[in-house]
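Chemist: The following block contains the structure, expressed as structure tokens.
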Amino acid sequence: MFLGVVGLLNWRSLAFAILKRLIKRKFPTVQPLTTQQLAQWQNSQQPQPVLLDTRNAAEYQLSHLQQARHIDPQQPDLSALPESRETPIVVYCSVGYRSAKIATKLAEAGYKHVYNLEGSIFQWVNEGRSVFQDDKLTTQVHPYDRRWGKLLKRKYRAKLTDEK
């Protein structure tokens with residue numbers, strides 16, 4: 001019984017660890033940034049990074065990190081980004097895969113300080129960190145789909161429109 005409870009409590013951690021390894025293997029040149037490192041950065045006096053949300057528009061509209069800008073993951077418009085290639089940029093999506101693809105494109109475009117948020121918004125909110133809908137605090141995150149949404153703790157998982 002005890003092992004069953006421990007397994008139930010740790011399956012998300014294991015799933016995120018596996019995902020992070022797969023993403024690192026697929027995108028070896030992408031620089032990772034942990035959720036803890038981003039939170040510390042945001043609370044520091046250092047120049048703040050540009051936050052790019054690389055999920056689709058519906059996901060972004062439901063909630064995002066504070067001050068995040070949306071960028072279309074299918075057709076990213078890099079013209080809206082800062083001209084300086086020295087500007088730090090942190091990209092995120094649901095779990096880190098789509099954002100790693102965009103981070104690669106940004107690095108190829110000459111941006112020198114691009115980071116992929118490990119675990120992305122799912123891990124961020126699961127750790128109890130704030131997300132926003134427009135400028136208002138919210139607790140709901142778009143689950144991407146039913147299967148991937150299980151990586152979100154139930155209290156943060158928004159219902160999909162086709163769910164009852």
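Here, each number is a calculation from the coordinates, and none is a lab measurement. The model shown is predicted, which means the values in this text are computed figures rather than measured ones. Neighbour counts are summed over all protein chains in view; Cβ atoms, including those assigned to glycine, are modelled from backbone coordinates with ideal geometry.
Chemist: How far is it, in nm, from the label point at L22 to the one at Q75 when both lie 7 Å from their Cα along the line to the Cβ?
Modeler: Label-label distance for L22 and Q75, simple model: 2.9 nm.
Chemist: Please arrange Y111, Y92 by counting, for each residue, the other beta carbons lying within 10 Å of its beta carbon, fewest first.
Modeler: Least crowded to most crowded, the residues run Y111, Y92.
Chemist: Report the relative contact order of region 2-156, percent, no decimals, based on alpha-carbon pairs under 8 angstrom and at least 6 residues apart.
Modeler: Dividing the mean separation by the residue count of region 2-156 yields 26 percent.
Chemist: Subtracting the Cα-Cα distance from 0.36 nm times the residue separation, let me have the gained length for T29 to Q133 in nm, one decimal.
Modeler: Separation in residues times 0.36 nm, less the Cα-Cα distance, equals 34.3 nm.
Chemist: Could you order the peptides 133-140, 34-41 from most to least packed, using the average number of other C-beta atoms within 10 Å per residue?
Modeler: Final packing ranking: 34-41, 133-140.
Chemist: Where Rh denotes the Kirkwood radius from the mean inverse Cα pair distance, what is Rg over Rh for region 48-117?
Modeler: Here Rg/Rh amounts to 0.92.
Chemist: Under the Kirkwood approximation for Rh and a Cα-based Rg, what ratio Rg/Rh is obtained for region 93-164?
Modeler: Ratio of gyration radius to Kirkwood radius for region 93-164: 1.04.
Chemist: Would you list which aspartates and glutamates come within 16 Å of K101, measuring only between C-alpha atoms, while excluding same-chain residues fewer than 8 positions from it?
Modeler: D53, D72, D77, E118
Chemist: Which of (1) 15.2; (2) 9.0; (3) 10.9 is the computed mean projected area of the Cα convex hull in nm² for the structure on display?
Modeler: (3)
Chemist: What does the net charge come to around S99 if you take all other residues with beta carbon closer than 9 Å to its beta carbon, with K and R at +1 and D and E at -1?
Modeler: Taking every other residue near S99 into account, the sum is +2.
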